[in-house]
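Novice: Provided herewith is a single structure, encoded as structure tokens, for subsequent inquiry.
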Amino acid sequence: MAVAGLLMAEFVSLPPASAATSVVGLWHLDEPPGAATMVDSSGLGHDGTISPDVVLGVPGVSGTGYEFTGSNPIVRVPDPSGTLNPGPSPLTISVYLKVPATLTAGDYNVVQKGQATATGGAYKLEIFGKTTSTKFGYPSCAFNSPGAKQRVYGPRAINDGAWHLVQCHLTADKVYATVDSASGKALNRTVGSIANTVDLTLGGKPNNTHYFNGIADELSISIG
């Protein structure tokens, strides 16, 4: 039986959270207009610098959220201690997103740490923006380690102007993406260790390109 345009065989059961899982970054995105710092509530001090083009105080799923618009809408989170790097461990990226139904062709990076061609690998969540693809508007999760690259998609497009919980999952043996807890097709994990010295970015690529178009709220990064 088909569900949301995909076969049930493409869905996987979500594993229970491990007792060893640690939230290494938790950002509620509740800062008021004019704020320059995105506060990390994990207790690890991963505060971010908010560019003036990020619109704060817009309605979110809990309190307020950030809207990404203008010419340079990005938040940068330094990671001098490397605690936002999963290394060989499991990783989960979790964020609520509201993507407009008017989305046009482009590159829309939501969360990223590192770049695919850089030493140490990378991980990212983006909204796939190739209009000629059947995956247009789908959330896409990419994981890169030296010698291995994997990309997975959520089960459906989210460019509908509604809020969705989007998650990227890199487990001990699987890689998959979920939308509102429904999973897209999973792959067996081939990615190795991911550890780089690049800032975590929200709303765009570290080199100030591929800006996200939409609203984000309640972002977290978990390792383990």
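The values are calculated or read from the model by the stated rules, or taken from the named source; none is laboratory data. Everything numeric in this text was worked out from a predicted model, so none of it was measured. Positions of Cβ are generated from backbone atoms using ideal geometry, with glycine treated the same way; all protein chains shown enter the neighbour counts.
Novice: Can you pull out every residue in the stretch 198-222 that is outside any loop (DSSP other than H, G, I, E, B) and in contact with a Ser or Thr (Cβ under 8 Å, 6 or more places away or on another chain)?
Specialist: Across the stretch 198-222, the qualifying residues are ASP217, GLU218, LEU219, SER220, ILE221, SER222.
Novice: Still on this structure: From the list SER71, SER51, SER22, SER41, pick out the single residue that is under 19 Å from the mean Cα position of the chain (by Cα) and free of Cβ contacts under 8 Å to residues at least 24 places away in the same chain.
Specialist: SER41
Novice: Which of the residues spanning the stretch 75-94 are charged (D, E, K, R) and either farther than 13 Å from TYR123 by Cβ or surrounded by fewer than 16 Cβ atoms within 10 Å (Cβ to Cβ) (or both)?
Specialist: Passing the criteria: only ARG76.
Novice: Do any residues in the stretch 178-202 that are surrounded by 21 or more Cβ atoms within 10 Å (Cβ to Cβ) have Cβ atoms under 6 Å from those of residues that are polar (S, T, N, Q), where the two are at least six apart or on different chains, and which pairs are they?
Specialist: What qualifies is THR178/GLN167; VAL191/SER145; VAL191/GLN150; ILE194/SER145; THR201/GLN112.
Novice: Could you check the stretch 119-138 and list, in sequence order, the residues that are over 16 Å from THR178 (Cα atoms), out of contact with any Asp or Glu (no Cβ under 8 Å at 6 or more places or on another chain) and either of a type in the set (S, T, N, Q) or crowded, with 17+ Cβ neighbours inside 10 Å (or both)?
Specialist: THR119, GLY120, GLY121, ALA122, THR131, THR132, SER133, THR134 - these are the residues of the stretch 119-138 that are over 16 Å from THR178 (Cα atoms), out of contact with any Asp or Glu (no Cβ under 8 Å at 6 or more places or on another chain) and either of a type in the set (S, T, N, Q) or crowded, with 17+ Cβ neighbours inside 10 Å (or both).
Novice: Right, THR131: over 15 Å from GLY204 (Cβ atoms), in a strand (DSSP E or B) and either at pLDDT 95 or above or of a type outside the set (Val, Ile, Thr) (or both) or not?
Specialist: The answer is no for THR131.
Novice: Tally time: how many residues in the stretch 95-106 are under 14 Å from SER220 (Cβ atoms) and buried (at least 21 other Cβ atoms within 10 Å of the Cβ)?
Specialist: Number of matching residues: 2.
Novice: For the stretch 160-182, state whether one or more residues are closer than 19 Å to THR134 by Cβ and in contact with a helix residue (DSSP H, G or I) (Cβ under 9 Å, 6 or more places away or on another chain).
Specialist: Within the stretch 160-182 (the criterion being closer than 19 Å to THR134 by Cβ and in contact with a helix residue (DSSP H, G or I) (Cβ under 9 Å, 6 or more places away or on another chain)), the answer is no, since none of the residues qualifies.
Novice: Same structure again: Of everything in the stretch 52-71 that's assigned to a loop (DSSP other than H, G, I, E, B) and modelled with pLDDT of 95 or more, which residue is surrounded by the most Cβ atoms within 10 Å (Cβ to Cβ)?
Specialist: Only one residue tops the list, namely GLY60.
Novice: Of the conditions (1) at positive phi; (2) out of contact with any Pro (no Cβ under 8 Å at 6 or more places or on another chain), PRO88 satisfies every one except a single condition; which number is it?
Specialist: All conditions pass for PRO88, except number (1).
Novice: Those residues that are over 30 Å from THR119 (Cβ atoms) and either touching a residue at least 40 places away in the same chain (Cβ under 8 Å) or of a type in the set (S, T, N, Q) (or both), I need them from the stretch 136-177; list them, please.
Specialist: Passing the criteria: PRO155, ARG156, ILE158, ASN159, ASP160, GLY161, ALA162, TRP163, HIS164, LEU165.
Novice: Oh, and also: Scanning the stretch 139-156 for residues that are assigned to a loop (DSSP other than H, G, I, E, B) and surrounded by 21 or more Cβ atoms within 10 Å (Cβ to Cβ), which turns out nearest to the chain's Cα centre (by Cα)?
Specialist: The selected residue is GLY154.
Novice: Could you please give the count of residues in the stretch 50-81 that are closer than 15 Å to VAL39 by Cα and of a type in the set (Gly, Ala, Ser)?
Specialist: 4
Novice: Something else now. Working carefully through the options THR49, THR119, THR83, find the one that is of a type in the set (Val, Ile, Thr), assigned to a loop (DSSP other than H, G, I, E, B) and in contact with a strand residue (DSSP E or B) (Cβ under 9 Å, 6 or more places away or on another chain).
Specialist: Checking each option against the conditions leaves just THR83.
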